[in-house]
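Below you'll find the structure, written out as structure tokens, and then a few comments.
The values are calculated or read from the model by the stated rules, or taken from the named source; none is laboratory data. Please read all numbers here as calculations on a predicted model, not as lab measurements. Here the Cβ positions follow ideal geometry from the backbone for every residue, glycine too, while neighbour counts run over all protein chains shown. Surface areas here come from the heavy atoms of the whole protein model, side chains and all, with no ligands, DNA or RNA. Shrake-Rupley method; radii C 1.70, N 1.55, O 1.52, S 1.80 Å.
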Amino acid sequence: MSANGSSETLCGSEVRPSNDTCSQEELSVAASAVSMTVGIFSNSLALFILVKSYRRIKIKSKACFLLFASSLVVTDLLGHLVNGSLVLFVYSSHRKWEHFDPHRIVCSIFGVCMVFFGLSPLLLGSVMAVERCIGVTRPIFHSTALASHHVKRLLGLMWLLAALVAVLPVLLWRPYKVQSSRSWCFFHMEEPKDWLDVLLPLLFSLLGLLALALSIVCNTLTSCALLQARLCRRRHCRGTPHHVEMICQLLVIMLVACVCWGPLLIHIILMSTSTKDKPAPVSLLMVVRMATWNQILDPWVYILLRKAVLRKVFMLTHRYWLLKSHYHHRWQCSMLRSSVERGKSGAGPSDCRCLSRFPQQSTGIKFIT
């Protein structure tokens, strides 16, 4: 059931497709396998880091944030594992859905997983943004109202909402449809039969866009509150370094989600509401592949944007600028020495140590005055 074996069998069949078709399929299988492998490795590494940080954390607000972040990483990890396995299974079966899935059971499972693992990270990202906004702007309410069991219930509600949206087409007898590339299943958006075929993809897209908008608003309010607290130097801003670290991670997560998921959500709305000719299905597949990079880039936010990593980057940058300024100072001294020797002004030896006398003289004058 390897990718290469399935491609060779397909290329050697009686249909005998062209070399371009075989090469495109091999490329798609390789891209799916690489995406699945990188996603599983990235999310596993990020989960290890988050669990290690959660065990030694003592700040309650950051513990809630790490619980949300760990749930997001687990969701992304399961999404890569389940969806990637389904894609490889479809390619290994030569994408002949009528043979291995005559009753559309695999297609329904595939569509449910695509919607659930696509909508859950968006909802969890918005909940994380709301939690940080409350923790920064209303810290007393956050400490009393958001306990660990409340956070777990909120996580369960987000997963339940995503699962309900994913199962809704099956419950309403609007099954998921095999797309034109025959490698995945999604909503029935081409030539809808009635208003339900339009409502279901619109519900998915509008919930995703609402989650992105909520994340943008809450992260903006949190950033403004932290900036105002630092400028005003309030007493309660002594505990804000961990807030700054978390808001930086949230801003990057929000930016990645907007770039990766925005084109797909807008594309679904345009396809569902347009009465003219539908866009080419290749563009839909392209934006879906673009959306899958969200689950790959999310864990690297927690891997790279940590306090220890940022401190090392700052130290390396600071050391680089000190070294650069040292070489610049030596270059100025050599230029000054050459200019003095050429001028023959007789003002004494052209040593760059004379530059250090001027601040001492000015300091002495200030002391006398």
Quick one: in the range 187-237, of everything that is among the basic types (Lys, Arg) and assigned to a helix (DSSP H, G or I), which residue is modelled with the highest pLDDT?
-> Arg230
All-but-one check, Gly125 against (1) touching a strand residue (DSSP E or B) at 6+ places or on another chain (Cβ under 7 Å); (2) open to solvent by less than 30 Å² (accessible area, probe 1.4 Å), failing number (1)
Pick from the range 141-153 the residues that are open to solvent by less than 60 Å² (accessible area, probe 1.4 Å) and under 26 Å from the mean Cα position of the chain (by Cα): which of them is modelled with the lowest pLDDT?
-> Leu146
Residue check, Leu164 against (1) surrounded by 15 or more Cβ atoms within 10 Å (Cβ to Cβ); (2) of a type in the set (A, V, I, L, M); (3) free of Cβ contacts under 8 Å to residues at least 24 places away in the same chain, all met but one. Which one?
-> (1)
Do the conditions hold for Phe41, that is, is it at pLDDT 90 or above, open to solvent by 80 Å² or more (accessible area, probe 1.4 Å) and within 28 Å of Arg132 (Cβ to Cβ)?
-> yes
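One line per residue, one yes/no per condition, for (1) modelled with pLDDT under 90; (2) open to solvent by 70 Å² or more (accessible area, probe 1.4 Å); (3) under 16 Å from Val301 (Cα atoms):
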site	(1), (2), (3)
Val51	yes, no, yes
Leu67	yes, no, yes
Ser71	no, no, yes
Val74	no, no, yes
Asn83	no, no, no
Leu88	no, no, no
Mind checking whether some residue in the range 155-162 is over 17 Å from the mean Cα position of the chain (by Cα) and among the small types (Gly, Ala, Ser)?
-> yes
Considering only the range 38-50, how many residues are in contact (Cβ under 8 Å) with a residue 12 or more places away in the chain and farther than 19 Å from Leu67 by Cα?
-> 3
